[in-house]
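For reference, the structure is listed below as structure tokens.
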Amino acid sequence: MFTKILVAYDGSDHARNALTTACKLAKLCNAELHLSHVPQVDTPTVFIGAYADAMPIMPSDEEIDEAGEKIIAQSTKEADAVGCKITQHHVGRSVPAAFTLEVADNIDADLIVMGRRGLGMLGALALGSVSQSITHGAKCACMTVI
Ligand code: ATP
Ligand code: MG
């Protein structure tokens, strides 16, 4: 039914559930399984001067690469645990939803699987901003996993 499944993965529990579901579907359909990830590194803020002007410290390229590698290793391990191989990891440096949609277009995905929520703190909302944007912009079927 599906031939190319793309899972958007941020390392959260929701994304793990999405990956497990995507793995099961990929096995059932004998489909390729692709994964998109945009590393997110916390930016601590320093306060400068008597009036405490806040200035975020931008993460270095190395820190971003390192964060991405950790998440990719985690996803490989999780896929292995359910007997599934990820065909290709796509790691980007742009806006997560835009990057995922770009990858979906490039590989001609016929399904995008993602978590309903992610690493964000606003758990009360139904959908996170990334899953909302992907669902809104996708040209293929989308599945959000709890
Ligand atoms: P918000 O980020 O709006 O505060 P949230 O973190 O709870 O809310 P989303 O970020 O929308 O929710 O996450 C929902 C799903 O989107 C995740 O489970 C994951 O599938 C995907 N996603 C989120 N961030 C990324 C990312 N950086 N790279 C790849 N996929 C992502
Ligand atoms: Mg998020």
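Please tell me if VAL91 is modelled with pLDDT of 95 or more, closer than 15 Å to GLY11 by Cα, within 11 Å of ligand 2 (Cβ to nearest atom) and open to solvent by 50 Å² or more (accessible area, probe 1.4 Å). No, not satisfied. Scanning segment 10-33 for residues that are touching a helix residue (DSSP H, G or I) at 6+ places or on another chain (Cβ under 9 Å), within 15 Å of ligand 1 (Cβ to nearest atom) and among the acidic types (Asp, Glu) yields one hit, ASP10. Residues in segment 117-146 that are at pLDDT 95 or above and in a loop (DSSP other than H, G, I, E, B) were compared, and the one that is nearest to ligand 1 (Cβ to nearest atom) is ALA138. Selection of segment 101-116 for residues being out of contact with any His (no Cβ under 6 Å at 6 or more places or on another chain) and near ligand 1 (Cβ under 6 Å from one of its atoms) yields only MET114. Flag: ALA97 does not match the condition of being within 17 Å of MET143 (Cβ to Cβ), more than 12 Å from ligand 1 (Cβ to nearest atom) and not in a strand (DSSP E or B).
Name the single residue, out of those in segment 99-123 being within 14 Å of ligand 2 (Cβ to nearest atom) and small (Gly, Ala, Ser), that is farthest from the chain's Cα centre (by Cα). Restricting to residues being within 14 Å of ligand 2 (Cβ to nearest atom) and small (Gly, Ala, Ser), the top hit is GLY123. Residues in segment 95-115 include at least one that is among the charged types (D, E, K, R), crowded, with 17+ Cβ neighbours inside 10 Å and closer than 13 Å to LEU33 by Cα. Residues being open to solvent by less than 50 Å² (accessible area, probe 1.4 Å), aliphatic (A, V, I, L, M) and part of a helix (DSSP H, G or I) are represented in segment 8-15 by at least one member. Looking only at residues of segment 68-87 that are away from ligand 1 (no atom under 14 Å from the Cβ) and touching a residue at least 24 places away in the same chain (Cβ under 8 Å), we find that the one that is surrounded by the most Cβ atoms within 10 Å (Cβ to Cβ) is ALA79.
The values are calculated or read from the model by the stated rules, or taken from the named source; none is laboratory data. Computed from a prediction, not measured in an experiment: that's the story for all the values here. Positions of Cβ are backbone-derived with ideal geometry, glycine not excepted, and every protein chain shown enters the neighbour counts. Note: accessible area is taken over every heavy atom of the protein model, side chains too, but ligands, DNA and RNA are not part of it. Shrake-Rupley method; radii C 1.70, N 1.55, O 1.52, S 1.80 Å.
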